[in-house]
Every structure is written in C-alpha cells, then in structure tokens.
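The values are calculated or read from the model by the stated rules, or taken from the named source; none is laboratory data. Everything quoted here is computed from the prediction, not taken from an experiment. A quick note on method: Cβ atoms are made from the backbone with ideal geometry, for glycine too, and the neighbour counts reach across all protein chains shown. To get the accessible areas, we keep the full protein, side chains included, count just its heavy atoms, and leave off ligands, DNA and RNA. Shrake-Rupley method; radii C 1.70, N 1.55, O 1.52, S 1.80 Å.
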Amino acid sequence: MRVHVTDLKPGDYLDSDTFSTRGIHVLPKGTQLQRDEISKLILHGVDYVDIERLMEKPAFPDRTSIIQKVTHHFDTMTVGFESAYMDALKTGSFNQSLVDDVLQPSLETLDKHKDVVSLLLLLDHEDDYTYNHSLQVGMLSYYTATWLGYTKQECYEISRAGYLIDIGKCRVPAALLNKPGKLTMEEFEEVKKHTTYGYEIIRNSMDDNHTALVALQHHEREDGSGYPGKLTKAEIHPYAQIAAVADIYSAMTSPRVYQSKQELISVLRELHTLSFGKLNARTVQAFIQHLMPNFIGKRVLLNTGDMGTIIMNNPIDVFRPLVQSDGKFLDLSRDRSLMVVEIYMD
C-alpha cells in the first residue's frame with residue numbers, strides 16, 4: 001500500500017527500503033513506524049512510502065474508558081483535598097488515612113497513562129484554583145520523581161507532598177486568595193505565610209517531616225530569593241525542588257482570578273530560563289525532556305488563526321516545533337512570527 005507520509009499511523013511497517021529525494025537511505029524495509037520514524041521521514045522530505053498496515057481493533061472505546069477512569073480519579077483527588085483542606089481549616093489538622101486512601105489508587109491509574117500533556121488538558125477547567133492546583137502539583141510531582149529515578153515509595157511520598165503543598169492556604173483569608181488585582185505588600189506578606197501554616201498543619205497531622213518541609217520550602221529559590229527562609233540550593237530539600245517545578249508549571253498554565261493561563265510549551269521555555277539560578281536544573285531538564293514528546297500529534301491553534309498538528313519537536317529549538325497546517329509544514333524555529341497559542345487534545 002502506497003501512502004503519503006502524513007497519512008502514516010504508528011504501528012505501520014515499511015514494505016520497502018525508503019530513500020530521500022537525494023538518494024539517502026532513510027529507513028530499511030520492515031521498520032515499524034512510530035512517531036520518531038514518521039518525523040524522520042518528514043524531515044528528509046519523503047512524500048510517499050510503501051507500507052504494510054496490520055489490522056487493528058478500534059482504539060476509541062479503550063481511549064474513552066481510560067479517560068473516564070482518569071477523570072473519575074481526578075474528581076476523587078479534588079474532593080479528597082477539599083475534605084483535608086476543610087478539616088485543616090476547622091481543626092488545624094487532617095486525617096492522613098483519608099489522603100492516602102484517595103491518592104494511592106489514583107496514582108496507580110495515572111501510572112498507566114504516560115501522556116502527561118493529555119492529562120493536563122483534561123484538567124484544563126476553571127474550578128476552584130487551590131483544589132485543582134493541588135491535584136496538578138501532586139500529579140506532576142509524581143511523574144517528575146519517576147523521571148528522576150526515585151523508588152516507587154519515594155515517588156508516592158513526593159506526590160503526596162506536592163498534593164499537600166498549599167494546605168496552609170486554609171488559614172489565609174479567602175479575600176486575599178481570590179483578589180483579582182495586585183496584592184499590596186502587606187497582603188502578599190500574609191499570603192506568604194501559607195508555607196509556615198502548611199508546615200504546622202502537616203506536622204499536626206502526619207509523622208512525616210519530609211512532607212512538612214515541602215510545604216514550607218516550595219517557594220524557596222536556589223539563589224536565596226525565595227521565601228520564607230531565603231534558603232539557597234544546598235539548603236532546599238530535594239522533594240521541595242521537585243514540587244517547586246510542578247507548582248510553577250501548574251500555576252502558569254492554569255486560569256486564575258488575576259491572570260490568564262499561558263500556553264503549555266511557552267511555559268516550559270520559562271522553566272528552562274528559571275533553571276539558571278532559581279530552580280533545580282536537573283529537575284527542570286527531566287521535566288522538559290519527558291514532557292516535550294507528549295506534544296507530538298496534538299492539535300494546535302496558531303497566532304494566525306490557523307489550526308495545525310505538531311509533527312515533531314525541533315532539534316534546533318525544542319520549544320518551537322514543526323507544525324503541519326493545511327497541507328503545509330511550518331517550521332516555527334525558522335519563522336519566528338508564528339506561535340502556538342493553544343493546544344488541544346489529539
């Protein structure tokens with residue numbers, strides 16, 4: 001079967017050796033095509049290839065089932081955090097067992113879903129920011145810990161710490177948390193206390209100093225510019241370094257009362273910049289390296305108003321991908337006037 005490269009599907013097999021227009025041998029016969037191989041064909045200017053397509057079962061029902069299951073766990077995690085938050089507000093502590101009972105089965109489901117970008121897009125709604133944000137930070141902290149090679153138990157502990165980083169906000173006046181305008185210096189000082197409040201609440205609720213330290217330190221920065229302790233690199237707990245990356249990424253990509261959400265890839269570029277002195281460089285590198293492949297195949301809206309699909313990540317500038325739109329291939333690393341302004345579920 002002879003098909004155009006844009007019609008190839010992951011899992012197709014090449015039925016013959018494939019060469020570029022310059023005669024360069026690109027891929028041998030029998031190669032099973034995945035996204036990287038399809039991107040390679042496009043990069044070499046190959047238009048048509050001969051393939052053998054195996055019969056497949058329809059994927060849609062399975063995908064729908066997975067999304068439903070993940071969405072159910074997201075809802076459960078949100079309700080679980082809200083319950084812990086309200087308990088902390090009323091009594092100064094929460095039930096650790098309740099948190100574990102909600103979080104453990106949810107992470108087992110997320111462990112089977114590696115497309116983190118799709119999960120973030122599923123969470124793209126304007127529910128209560130604090131609850132939704134805590135869910136995202138717990139999830140992103142979990143994935144980042146796995147990418148950094150932590151043990152299964154450590155990944156769970158890091159995720160739980162990320163999930164609980166903002167529990168101290170229950171003691172901050174809601175009027176400040178929901179203020180649409182810029183905070184005064186006095187108001188900001190009050191909001192900053194959520195880190196120490198969180199530390200105290202977690203110490204009252206759990207025998208886990210690591211989790212308490214993450215709540216205390218997740219706004220610390222390696223150059224000493226953070227709060228509340230103005231700690232420097234060596235003084236910040238490794239778990240807090242992970243939660244800080246997840247916290248910033250979630251905050252910048254979520255709609256808030258005082259700012260619009262930012263596009264997912266552009267925020268990764270900002271994280272990259274912050275890795276030079278503010279955030280832990282190894283953590284940011286792992287975060288970007290593992291998240292970027294998830295964007296391949298996603299539909300995007302360009303600043304021109306055109307819709308397209310991300311075909312591959314650009315080796316020249318990883319934050320400006322190759323996009324196919326209306327039968328054309330647009331290299332955003334070369335045409336700097338083009339920008340992705342929105343990303344959608346594939």
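Nearest 10 degrees, 0 to 90: what angle lies between the long axis of helix 129-147 and the longest principal axis of the chain (Cα atoms)?
Tilt relative to the chain: about 60 degrees.
How many Å² of accessible area per residue for region 103-175, probe 1.4 Å? Present the calculation step by step, with values, prior to reporting the outcome.
Working: 2480 Å² over 73 residues.
That works out to 34 Å² for each residue.
Using the Karplus curve 6.51 cos²θ - 1.76 cosθ + 1.60 with θ = phi - 60°, work out ³J(HN,Hα) for each residue of region 215-224 in order, rounded to whole Hz, and write x for Gly and Pro.
Those phi angles translate into 4, 6, 10, 5, 9, 6, 10, 4, 8, x Hz.
Quick check: Cα centre of region 189-226 to Cα centre of region 270-313, how many Å?
28 Å
Using protein chains only and a probe of 1.4 angstrom, how many square angstrom of I265 are accessible, to the nearest 10?
Surface open to solvent at I265 totals about 0 Å².
How many percent of the alpha carbon pairs in the chain exceed a separation of 26 Å? Walk me through the numbers before you get to the answer.
Working: 32502 of 59685 pairs.
So the portion of pairs separated by more than 26 Å is 54 percent.
Expressed in nm to one decimal, what extension gain is obtained for the pair E108 and K90 from 0.36 nm per residue of sequence separation less their Cα-Cα distance?
Values: separation 18, 0.36 × 18 = 6.48 nm, distance 3.08 nm.
Once the chain is fully extended between E108 and K90, it gains 3.4 nm.
Just going by the charge dipole of the chain, with Lys and Arg at +1 and Asp and Glu at -1 on Cβ, which of G327, H133, N209 is farthest out on the positive end?
Sorting the options by dipole projection puts first G327.
Given +1 on the Cβ of Lys and Arg, -1 on the Cβ of Asp and Glu, and no further charges, what dipole in debye does the chain carry about its Cα centre, rounded to the nearest 20?
Values: 36 positive and 47 negative charges, 114 e Å.
So the magnitude is around 540 debye.
For a quick check of understanding: with a 1.4 angstrom probe and all protein chains in place, what accessible area in square angstrom does H272 have, to the nearest ten?
Accessible surface of H272 is approximately 80 Å².
Taking the Cα-to-Cβ direction at E187 and at H25 and moving 7 Å from each Cα, how far apart do the two end points lie in nm?
About 6.8 nm, to one decimal.
How much length is gained if the chain between D317 and R334 is pulled fully straight, taking 0.36 nm per residue apart and subtracting their Cα-Cα distance, in nm to one decimal? Mind showing how you got there, number by number?
Details: separation 17, 0.36 × 17 = 6.12 nm, distance 0.93 nm.
In short, 5.2 nm is gained.
Which residue fluctuates the most in the chain, going by a Gaussian network model with Cα springs under 10 Å, if the choices are D115, D75, D15?
For the chain, modelled as a Gaussian network with Cα springs under 10 Å, the answer is D15.
Can you sort Y85, Y344 by solvent-accessible area, 1.4 Å probe, largest first? Write out the running numbers ahead of the final one.
Values: Y85 25, Y344 75 Å².
Greatest to least solvent exposure: Y344, Y85.
For D47 and R35, calculate 0.36 nm times their separation in residues minus their Cα-Cα distance, and state this gained length in nm to one decimal.
Here the segment from D47 to R35 would lengthen by 2.7 nm.
Starting from the Cα of A174, step 7 Å along the direction of its Cβ; do the same at K69; then give the gap between the two resulting points in nm.
3.6 nm
Collect residues whose amide H, placed 1.01 Å from N in the peptide plane, falls under 5 Å from the amide H of M312; neighbours closer than 5 in sequence don't count.
Long-range HN contacts for M312: L322.
May I ask you to give the solvent-accessible area per residue for region 196-346, in square angstrom, as obtained with a 1.4 angstrom probe? Show your work: numbers first, answer last.
Working: 6750 Å² over 151 residues.
Dividing the accessible area of region 196-346 by its residue count gives 45 Å².
Probe radius 1.4 Å, ligands and nucleic acids ignored: give me the carbon and sulfur share of the accessible area of region 201-273 as a rounded percent. Numbers along the way, then the final one.
Working: 1430 of 2930 Å².
In region 201-273, the share of accessible area belonging to carbon and sulfur is 49 percent.
On the full set of protein chains, 1.4 Å probe, figure out the accessible area of L322 and give it in Å² to the nearest 10.
20 Å²
Express the relative contact order of the chain as a whole percentage, based on alpha carbon pairs under 8 Å and six or more residues apart in sequence. Spell out each step's value before the answer.
Details: 546 pairs, mean separation 41.3, N = 346.
In percent, rounded to a whole number, it is 12.
Return the distance in nm (one decimal) between the two label points of a simple spin-label model at S97 and Y13, each offset 7 Å from Cα along Cα→Cβ.
Placing both labels 7 Å beyond Cα along the Cβ direction yields 5.5 nm.
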